[in-house]
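**Student:** I have a structure I would like to understand better, so I am pasting it below and will then ask my questions one at a time.
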Amino acid sequence: MSTEPLRFDNRFIRDLPGDDETGPRVREVRGAAWSAVMPTPVAAPTLLAYSPELAVQLGLDQDLLESADFPRVFGGNALYEGMQPWAANYGGHQFGHWAGQLGDGRAISLGELLAPDGTRWELQLKGAGRTPYSRGADGRAVLRSSIREFLCSEAMHHLGVPTTRALSLVATGESVVRDMFYDGHPEAEPGAVVCRAAPSFLRFGSFELPASRGDVVLLRQLVDLCIARDFPELAQAGNERYAEWFAQVCERTAVLVAHWMRVGFVHGVMNTDNLSILGLTIDYGPYGWVDDYDPDWTPNTTDAQGRRYRFGTQPQVAYWNLTRLAQALSPLFDDAAPLHAGLARFQAVHAQREREDIAAKLGLAQCRDEDVELMAAWLQILHDGEMDMTLAFRGLMQFVPQAPDVAVLDEAFYSEARRNAVLPALHAWLQQYAARLRDDPLDGAERRQRMAAANPLYVLRNWLAQEAIEQAERGDLSGVRTLLEVLRRPYDMQPGRGHYAGKRPEWARDKAGCSMLSCSS
Ligand code: AMP
Ligand code: MG
């Protein structure tokens, strides 16, 4: 099959050593960063949705998108010329413990596409069948989790949060059996394949695996490829280059996690195999969006006991993960000082970002020391009052310091009782906030503009995704498409789209898929 306009340059497999054996036989793979493996064809690949912006960026024209080959290629039944499928080898710390070799158990990369604008995009199918890294599992993905990954990748992009992207969502026409809550109730569910795209899918765990095996040669090759391909701007030479690279990874991770805290995103499974070396949000699994503000909340039922990956601890977990990466990289350094310096960069950048976000979210020209306390007090009220995080910040945008009125926050409450309980504290806080605003150089319009750019109105609330999923499972994709459309402009008020800015309805409070998600996907 020939598709003239698409150019592939598969540097990952060209520059790094591969596995001698090909095919999906499950095995330990040593001394190699990848294994050649073909996607397993599916019964009836059907295109359900695609991202128009990403298609344009990748240089995929309308004819290609509408061709019969498109769902076949992105469902795993055919290849465009230049594609050379592989699964990547990596390890990881899962829930604090070293887990050894993990690898792409159901993701298969097709190639690195060179886009017309000069950018490089690794295209990767998720749910494309078994690989050497599948262990006991089937290599497939269900429609519900594929919709969640597809929508959230694009939603994050439009929110301005670094993320892997999603090009397409293809139904396989096959069913996949999953025991959603690991409680002995397996069910057949529709299967799907998402094509994700990113300049690199390297993870912290990609470096940890060779390090754990004492394979410094492969470790160095991986770092060199990552720098040359993904960080070409690094000008330093020798060890300084490695030091600056690590520091930039730390910096990007700090920026990433600050964004998550700003928009109310909980990743859910921040294992080191799920942290991107580029500081992208990667591996959308049992993630969730904070409804009522609660730093202890996690959507992941698999983590319900320890709550290791709850909302409020994400910055600390990111830092811990970076310490694991630093440990893995230590054989490349003569002494630990540059690695400590990198970790310090995380702390510094994160602290700075936090202050910038406080200013932006509260609509202040700049964050003063006392504003840190002001924000902490506000968040405490959100928590005590069980207030919706997204709607509370958007409500605060409407606050007028000359005429303080608590009614601007009415929409954000889930219960009257909690509202009443928190009202005195809220009144007092609003007085303080009004005084602070009167002492700020921004005028009302400037302040609202600043707040609107930092506080999204439309996020992929868990119950919204669930509604679209249930519709899609009945064969109606309109919900997925509408959400994709609304989430393209998350900061702009969209008339007639009130439903998508609404707080969690009562039916969704304790429902599977909304407040409870497992890793089963
Ligand atoms: P996760 O925590 O979802 O990022 O996955 C951890 C590991 O399990 C990775 O190596 C995945 O590739 C693998 N994995 C998850 N689900 C499947 C599946 N259905 N088939 C094969 N491997 C899987
Ligand atoms: Mg993963």
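The values are calculated or read from the model by the stated rules, or taken from the named source; none is laboratory data. Just so it is clear, the structure is predicted and the values come from calculations on it, not from any experiment. Cβ atoms come from the backbone with ideal geometry, glycine included; neighbour counts cover every protein chain shown. Note: accessible area is taken over every heavy atom of the protein model, side chains too, but ligands, DNA and RNA are not part of it. Shrake-Rupley method; radii C 1.70, N 1.55, O 1.52, S 1.80 Å.
**Student:** Quick check on the range 349-366. Is at least one of its residues within 16 Å of ligand 1 (Cβ to nearest atom) and either over 26 Å from Asn462 (Cβ atoms) or of a type outside the set (Lys, Arg) (or both)?
**Tutor:** no
**Student:** So which of Ala247, Ala235 ends up being outside any loop (DSSP other than H, G, I, E, B), surrounded by fewer than 22 Cβ atoms within 10 Å (Cβ to Cβ) and among the aliphatic types (A, V, I, L, M)? Break it down into steps so the answer makes sense when it comes.
**Tutor:** Values: Ala235 fails: outside any loop (DSSP other than H, G, I, E, B).
Being outside any loop (DSSP other than H, G, I, E, B), surrounded by fewer than 22 Cβ atoms within 10 Å (Cβ to Cβ) and among the aliphatic types (A, V, I, L, M) holds for just one of Ala247, Ala235, which is Ala247.
**Student:** Now for a different question. Listed residues Ala243, Ala254, Ala197; which is away from ligand 2 (no atom under 16 Å from the Cβ), among the hydrophobic types (A, V, I, L, M, F, W, C) and touching a strand residue (DSSP E or B) at 6+ places or on another chain (Cβ under 7 Å)?
**Tutor:** Exactly one of Ala243, Ala254, Ala197 is away from ligand 2 (no atom under 16 Å from the Cβ), among the hydrophobic types (A, V, I, L, M, F, W, C) and touching a strand residue (DSSP E or B) at 6+ places or on another chain (Cβ under 7 Å), namely Ala197.
**Student:** Please verify whether the range 272-285 includes one or more residues that are at positive phi and in contact (Cβ under 8 Å) with a residue 12 or more places away in the chain.
**Tutor:** yes
**Student:** Among Gly92, Gly111, Gly105, which is the only one that is out of contact with any Pro (no Cβ under 7 Å at 6 or more places or on another chain), open to solvent by less than 10 Å² (accessible area, probe 1.4 Å) and within 14 Å of ligand 2 (Cβ to nearest atom)?
**Tutor:** Exactly one of Gly92, Gly111, Gly105 is out of contact with any Pro (no Cβ under 7 Å at 6 or more places or on another chain), open to solvent by less than 10 Å² (accessible area, probe 1.4 Å) and within 14 Å of ligand 2 (Cβ to nearest atom), namely Gly92.
**Student:** Can you find a residue in the range 106-118 that is without any contact (Cβ under 8 Å) to a residue 40 or more places away in the chain and within 16 Å of ligand 1 (Cβ to nearest atom)?
**Tutor:** Within the range 106-118, one or more residues are without any contact (Cβ under 8 Å) to a residue 40 or more places away in the chain and within 16 Å of ligand 1 (Cβ to nearest atom).
Residue-by-condition table, conditions (1) in contact (Cβ under 8 Å) with a residue 24 or more places away in the chain; (2) over 19 Å from Cys152 (Cβ atoms); (3) within 16 Å of ligand 2 (Cβ to nearest atom); (4) touching a strand residue (DSSP E or B) at 6+ places or on another chain (Cβ under 8 Å):
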residue	(1), (2), (3), (4)
Gly444	yes, yes, no, no
Asn455	yes, no, no, no
Gln471	no, no, no, no
Ala501	yes, no, no, no
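**Student:** Looking at the range 6-55, which of its residues are open to solvent by less than 30 Å² (accessible area, probe 1.4 Å) and among the β-branched types (Val, Ile, Thr)?
**Tutor:** If the condition is that a residue be open to solvent by less than 30 Å² (accessible area, probe 1.4 Å) and among the β-branched types (Val, Ile, Thr), then Ile13, Val29, Val37, Val42 are the ones that fit.
**Student:** How about the range 373-395: which of its residues are in contact with a Lys or Arg (Cβ under 7 Å, 6 or more places away or on another chain), part of a helix (DSSP H, G or I) and closer than 18 Å to Trp260 by Cα?
**Tutor:** Matches in the range 373-395: Leu391, Phe393.
**Student:** Please work out which one of (1) over 28 Å from the mean Cα position of the chain (by Cα); (2) under 14 Å from Leu362 (Cα atoms); (3) of a type outside the set (Val, Ile, Thr) is the condition Gln449 fails and give its number.
**Tutor:** Just one mismatch for Gln449, condition (1).
**Student:** Something else now. Kindly indicate whether Arg120 is open to solvent by 40 Å² or more (accessible area, probe 1.4 Å), within 19 Å of the chain's Cα centre (by Cα) and either over 30 Å from Asn455 (Cβ atoms) or at pLDDT 95 or above (or both).
**Tutor:** When the stated conditions are applied, Arg120 does not pass them.
**Student:** Next question, about the same structure. Hey, among Leu202, Leu225, which residue is within 16 Å of ligand 1 (Cβ to nearest atom) and either under 24 Å from the mean Cα position of the chain (by Cα) or closer than 13 Å to Leu278 by Cα (or both)?
**Tutor:** On the way: Leu225 fails: within 16 Å of ligand 1 (Cβ to nearest atom).
Criteria check complete, one pass: Leu202.
**Student:** To continue, here is another question. Can you say whether Gly129 is open to solvent by less than 10 Å² (accessible area, probe 1.4 Å), at positive phi and at pLDDT 95 or above, as far as the supplied structure shows? Explain how you work it out, then say what you get.
**Tutor:** Working: open to solvent by less than 10 Å² (accessible area, probe 1.4 Å): yes; at positive phi: yes; at pLDDT 95 or above: yes.
Here the answer is yes, as Gly129 does meet what is asked.
**Student:** Among Arg25, Arg14, which is the only one that is basic (Lys, Arg) and without any contact (Cβ under 8 Å) to a residue 12 or more places away in the chain?
**Tutor:** Only one candidate passes the filter, namely Arg14.
Listed here are the residues, each with its yes/no results for (1) among the small types (Gly, Ala, Ser); (2) surrounded by 22 or more Cβ atoms within 10 Å (Cβ to Cβ).
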position: Pro199; (1), (2): no, no
position: Pro210; (1), (2): no, yes
position: Ala254; (1), (2): yes, yes
position: Phe265; (1), (2): no, yes
position: Asn274; (1), (2): no, yes
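**Student:** Then there is this: Kindly indicate the residue of the range 276-308 that is closer than 22 Å to Ala348 by Cα and open to solvent by less than 10 Å² (accessible area, probe 1.4 Å) and also farthest from ligand 1 (Cβ to nearest atom) among those meeting that condition.
**Tutor:** Applying the filter and picking the extreme gives Gly279.
**Student:** May I pose another question? Name, by its number, the condition in (1) small (Gly, Ala, Ser); (2) open to solvent by 20 Å² or more (accessible area, probe 1.4 Å); (3) within 21 Å of Asp215 (Cα to Cα) that does not hold for Ala68.
**Tutor:** Looking at each condition in turn, Ala68 falls short on (3).
**Student:** Between a residue in the range 42-68 that is not assigned by TED's automatic domain parsing to the domain that holds Gly127 and any residue that is in a helix (DSSP H, G or I) and not basic (Lys, Arg), which pairs come within a Cβ distance under 6 Å, given they are 6 or more apart or on different chains?
**Tutor:** none
**Student:** Further question on the same structure: Exactly one of these conditions fails for Arg438: (1) crowded, with 17+ Cβ neighbours inside 10 Å; (2) out of contact with any helix residue (DSSP H, G or I) (no Cβ under 9 Å at 6 or more places or on another chain). Give me its number.
**Tutor:** So Arg438 meets the others, but not (1).
**Student:** With respect to the numbered conditions (1) open to solvent by less than 10 Å² (accessible area, probe 1.4 Å); (2) away from ligand 2 (no atom under 14 Å from the Cβ); (3) in a loop (DSSP other than H, G, I, E, B), which one is the sole condition not fulfilled by Met270?
**Tutor:** Among (1) open to solvent by less than 10 Å² (accessible area, probe 1.4 Å); (2) away from ligand 2 (no atom under 14 Å from the Cβ); (3) in a loop (DSSP other than H, G, I, E, B), Met270 violates only (2).
**Student:** Can you pull out every residue in the range 396-415 that is outside any loop (DSSP other than H, G, I, E, B) and free of Cβ contacts under 8 Å to residues at least 12 places away in the same chain?
**Tutor:** Result: Ala407, single match.
**Student:** Scan the range 442-458 and tell me whether some residue there is touching a helix residue (DSSP H, G or I) at 6+ places or on another chain (Cβ under 7 Å) and within 21 Å of Arg509 (Cα to Cα).
**Tutor:** Yes, there is a match, as at least one residue in the range 442-458 is touching a helix residue (DSSP H, G or I) at 6+ places or on another chain (Cβ under 7 Å) and within 21 Å of Arg509 (Cα to Cα).
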